[in-house]
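Q: Take this structure first; my questions come after.
The values are calculated or read from the model by the stated rules, or taken from the named source; none is laboratory data. Just so we're clear, the structure is a prediction, and the values are computed from it rather than from any experiment. Positions of Cβ are backbone-derived with ideal geometry, glycine not excepted, and every protein chain shown enters the neighbour counts. Heads up: the accessible areas ignore ligands, DNA and RNA and are worked out on the full protein's heavy atoms, side chains in. Shrake-Rupley method; radii C 1.70, N 1.55, O 1.52, S 1.80 Å.
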Amino acid sequence: MKDAAYTLPMKDRFELPPGMIYLDGNSLGPLPKGTSDRLQTMVAQEWGQHLITGWNRDGWMEQPARVGNMIARLIGAPEGSVTMGDTLSVKVYQALSAALKMRPERRVILSDSGNFPSDLYMAQGLIRQLGQGYQLRVVAPEEVGDAMDDTIAVAMITQVDYRTGRMHDMAEITRAAHAAGVVMLWDLAHSAGALPVDLATANCEFAVGCTYKYLNGGPGAPAFIYARSDVAPIMEPALAGWLGHDAPFAFEPDYRPAPGIARMRVGTPPVMQMTALEHALSIWDEVDMNALRAASIALCDLFISEVEARCPGLTLVSPRDGAERGSQVSFAFEHGYAAMQALIDRKVIGDFRAPNIMRFGFTPLYIDEGDVLKAVDVLEQVVRNRLWDNAVYQRKALVT
Ligand SMILES: *Cc1c(COP(=O)(O)O)cnc(C)c1O
């Protein structure tokens, strides 16, 4: 008997290759049904037939705001507070830069050692650009709350750790930040579409995230950026592109920012990518995020207990308590890279994060209890029969 708590009836809304168990939707979501047709129409009709009139006629120019509103509903943000474009790394840079401008007397960016490297790299690059004694302070994830002090201008924290799935308490850390006068920037890369997010309650100044992971927007789908309603009208954009101008088609020689979040737009939006994303986002109107979260925790718990019972040598590195975990489970294994290649060869798709982490994402829109049990069957064979011990599985590819 299938337990209804484990899954949501939406598997048939995705193009999943037969026989594949896809546990990597935390890295690249699968293709939603209908996206190919929608893109075909966009290309053949809108671009092909309407050409430049598509900017008005097909609503291309308004798309970043329209899609931003769809994201806003998912992350507990008001209408008009989110815009789309570029990649997450760029949005991190923009948000960080705007946050630093809000605390000109402070010089420190706070982050934690579990953050995704690109976020840290962008902070380092921004600091090199600014000079003037700016610095990045990186503490252990458990120390973030206590590390808030009045030298810190902005705390840049990713809610869910990409390697371990460890989850920060957004409301609590934001409170600690604000008590020390620190501007709060949340990265929701592994949160949006994975769990309920309530930005309005968290009250952070900024949030950013990507849309090709749990939101199924496709490889290279544009990122999102949110600014609180009192912050958006005063923030200073580091990347002063023409589409963030108050009147792009007035072609004025000097930059004047658009009134709100639109000033975080930079240049021409990627209409094809945005169209695929807009289609993918339509599914979320039908999803109860609390039910999704309950199913995600149930699937992860089941995976953990089965793997621990049947796969010797694998050590859980994710929090055991579902309330402290995002929607992924990671195990450390000495031969993790080769074991993951052996799994992928057997159509169980997860991924590997250096130095030794096997990572599995659980996305209840299209993963159910049966998938989890089958995946563990294959993992058990790989581990018990040392199927990883094969030269072809040792070769490192460009993307792991
Ligand atoms: C996936 C991810 C990124 C990737 O950034 P891109 O610019 O979209 O490649 C950045 N930060 C975090 C926290 C991520 O999880």
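Q: Would you be so kind as to identify which of P104, G361, N385 lies farthest towards the positive end of the dipole of the chain, taking Lys and Arg as +1 and Asp and Glu as -1 on Cβ and the Cα centre as origin?
A: Among P104, G361, N385, the one farthest towards the positive end of the dipole of the chain is N385.
Q: Provide the per-residue ³J(HN,Hα) series for the range 301-310, in order, calculated from phi with Karplus coefficients 6.51, -1.76, 1.60 and θ = phi - 60°, each as a whole number of Hz, with x at glycine and proline positions.
A: Working through the residues one at a time gives 4, 4, 4, 4, 5, 5, 5, 5, 7, 10 Hz.
Q: How much of the accessible area of the range 221-353, in percent, comes from carbon and sulfur atoms when a 1.4 Å probe is used? Don't skip to the answer; put the middle values down first.
A: On the way: 2860 of 5230 Å².
C and S atoms contribute 55 percent here.
Q: Further, regarding this structure: Which value at 222 nm does the chain reach when only helices count, each DSSP H run of 4 or more adding -39,500 (n - 2.57), with the total divided by all residues and rounded to the nearest 500 deg cm²/dmol?
A: Taking each H run of at least 4 residues, the total per residue is -10000 deg cm²/dmol.
Q: Pairing the Cα long axis of helix 271-281 with the longest principal axis of the chain, what angle in degrees results, from 0 to 90 and rounded to the nearest 10?
A: On a 0 to 90 degree scale, this one is about 60.
Q: Under unit Cβ charges (Lys, Arg +1; Asp, Glu -1), what dipole magnitude, rounded to 20 debye, does the range 249-362 have relative to its Cα centre?
A: Value, rounded to 20: 240 debye.
Q: Turning to a different aspect of this structure: Looking at the range 265-361, which trypsin sites (Lys or Arg not before Pro) are DSSP coil and have at most 15 other C-beta atoms within 10 Å of their C-beta?
A: R320, K347
Q: Next question. Rounded to the nearest 0.05, what FRET efficiency do F249 and R66 give with R0 = 22 Å and r taken as the Cβ-Cβ distance? Could you check? Before the final figure, lay out the partial values.
A: On the way: r = 19 Å, r/R0 = 0.85.
Efficiency, rounded to the nearest 0.05: 0.75.
Q: Using +1 on the beta carbon of Lys and Arg, -1 on that of Asp and Glu, and nothing else charged, what's the dipole of the range 313-355 about the Cα centre, debye to 20?
A: The dipole magnitude comes to about 100 debye.
Q: Test of understanding: what is the full-extension gain from Q132 to D198, defined as 0.36 nm times their sequence separation minus their Cα-Cα distance? Before the final figure, lay out the partial values.
A: Values: separation 66, 0.36 × 66 = 23.76 nm, distance 3.54 nm.
Length gained, Q132 through D198: 20.2 nm.
Q: Rounded to the nearest 0.05, what FRET efficiency do K33 and M272 give with R0 = 22 Å and r taken as the Cβ-Cβ distance? Could you check? If you can, show how the numbers build up before the last one.
A: Details: r = 18 Å, r/R0 = 0.82.
Here the calculated transfer efficiency is 0.75.
Q: Can you tell which of Q159, A44, A232 lies farthest toward the positive end of the dipole of the range 38-285, using +1 and -1 charges on the Cβ of basic and acidic side chains (Lys, Arg; Asp, Glu)?
A: The listed residue farthest towards the positive side: A44.
Q: Nearest 10 degrees, 0 to 90: what angle lies between the long axis of helix 63-74 and the longest principal axis of the chain (Cα atoms)?
A: Between the helix axis and the principal axis of the chain, the angle is about 50 degrees.
Q: Let me ask another. Under a Cβ-only charge scheme (Lys and Arg +1, Asp and Glu -1), can you give me the dipole magnitude of the range 38-285 about the Cα centre, in debye to the nearest 20?
A: With only Lys, Arg, Asp and Glu charged at Cβ, the dipole is about 420 debye.
Q: Around P248, what is the net charge, scoring Lys/Arg as +1 and Asp/Glu as -1 over all other residues with Cβ under 15 Å from its Cβ?
A: Residues close to P248 contribute a combined charge of -1.
Q: Heavy atoms of the protein only, probe of 1.4 Å, neighbouring chains included. What is the accessible area of H279 in Å², nearest 10?
A: 50
Q: Would you mind working out the accessible area per residue for the chain, using a 1.4 Å probe, and quoting it in Å²?
A: 42
Q: Which of rounded, prolate, oblate describes the range 172-243, given a ≥ b ≥ c as roots of the alpha-carbon gyration tensor eigenvalues and a/c under 1.5 marking rounded, otherwise prolate only if a/b is larger than b/c? Please report the intermediate quantities before stating the final value.
A: Values: a/c = 2.56, a/b = 1.21, b/c = 2.12.
Cα axes put the range 172-243 in the oblate bin.
Q: Could you compute the net charge surrounding Q132? Neighbours are other residues with a C-beta less than 15 Å from the C-beta of Q132; K and R count +1, D and E count -1.
A: Residues close to Q132 contribute a combined charge of +4.
Q: For the chain, what class follows from the C-alpha gyration tensor (a ≥ b ≥ c being the square roots of its eigenvalues): rounded when a/c is under 1.5, otherwise prolate if a/b is larger than b/c, else oblate?
A: Details: a/c = 1.93, a/b = 1.31, b/c = 1.47.
Judged from the Cα gyration tensor, the chain comes out oblate (a/c at least 1.5, b/c at or above a/b).
Q: So how tilted is helix 336-345 from the main axis of the chain? Cα-based, degrees 0 to 90, rounded to 10.
A: Helix 336-345 sits roughly 80 degrees off the main axis of the chain.
Q: Another question about this same structure. Tell me which residues come under 5 Å, amide H to amide H, from V154 once H is placed; ignore anything under 5 positions away on its chain.
A: Amide H neighbours of V154, under 5 Å, 5+ apart: V108, L110, V183.
Q: Let me ask you something else. If you look for lysine pairs in the chain that are eight or more places apart or on different chains, how many of them have Cα atoms under 15 Å apart?
A: Lysine pairs satisfying the spacing and distance rule in the chain number 4.
Q: What list of ³J(HN,Hα) couplings, whole Hz, do you get for the range 151-167 from phi and the Karplus terms 6.51, -1.76, 1.60, once you set θ to phi - 60° and write x for glycine and proline?
A: Per-residue couplings from phi come out as 8, 8, 7, 9, 9, 10, 10, 8, 4, 10, 5, 5, 8, 9, x, 4, 10 Hz.
Q: Solvent-accessible area of E79, probe 1.4 Å, all protein chains present, reported in Å² to the nearest ten, please.
A: 140
Q: Further question: Cα gyration tensor of the range 344-400, axes a ≥ b ≥ c as square roots of the eigenvalues: rounded (a/c below 1.5), prolate (a/b > b/c) or oblate?
A: Verdict is oblate for the range 344-400.
Q: Please compute the contact order of the chain in relative form: average sequence separation of alpha-carbon pairs under 8 Å and at least six residues apart, divided by the residue count, as a percent. If you can, show how the numbers build up before the last one.
A: Working: 788 pairs, mean separation 89.8, N = 400.
Normalised by residue count, the contact order of the chain is 22 percent.
Q: Need one value: the accessible area of D198 in square angstrom, 1.4 angstrom probe, rounded to the nearest 10.
A: 70
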